[in-house]
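Let me begin by presenting the structure, written as structure tokens, before commenting on it.
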Amino acid sequence: MATSSRAQVLRLYRALLRESQRFSSYNYRTYAIRRIRDAFRENKNVKDSETIEELVNKAKANLEVIHRQVGNLRLSVMISVVV
């Protein structure tokens, strides 16, 4: 894997873990972190650049999903406090 690809994957891995830490629910948080670690460990020996690109795109999509879910959960908590 090229250095830039490796750096990109590591940045993405850290971003996924960081965003998952924002889940207020312990169960959501630990599940997300476990799944992220397992997925990256499972694919750590992938050498094919096309496969790596597909996995990176999938991880980016998952990061967006986590970001939306964390935002929605925080919004729902804020709304329930106001109401």
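The values are calculated or read from the model by the stated rules, or taken from the named source; none is laboratory data. Bear in mind that the values here come from a model prediction, so they are computed numbers and not experimental data. Methodologically, a virtual Cβ is constructed for each residue, glycine included, from the backbone with ideal geometry; neighbour enumeration extends over all protein chains shown. Surface areas here come from the heavy atoms of the whole protein model, side chains and all, with no ligands, DNA or RNA. Shrake-Rupley method; radii C 1.70, N 1.55, O 1.52, S 1.80 Å.
Tally up the residues in the range 17-32 that are open to solvent by 60 Å² or more (accessible area, probe 1.4 Å) and part of a loop (DSSP other than H, G, I, E, B), please.
Restricting attention to the range 17-32, the residues satisfying the condition of being open to solvent by 60 Å² or more (accessible area, probe 1.4 Å) are 18, 21-22, 24, 26-28, 31.
Pick out the ones that are also part of a loop (DSSP other than H, G, I, E, B) and you get 21-22, 24.
Residues meeting the conditions: 3.
For the range 33-56, give me the residue count where each residue is assigned to a helix (DSSP H, G or I) and polar (S, T, N, Q).
From the range 33-56, those assigned to a helix (DSSP H, G or I) are 33-42, 49-56; that's our starting set.
From what's left, polar (S, T, N, Q): 49, 51.
The total comes to 2.
The condition (being basic (K, R), surrounded by 12 or more Cβ atoms within 10 Å (Cβ to Cβ) and at pLDDT 95 or above) is satisfied by just one residue among R35, R41, R14: R35.
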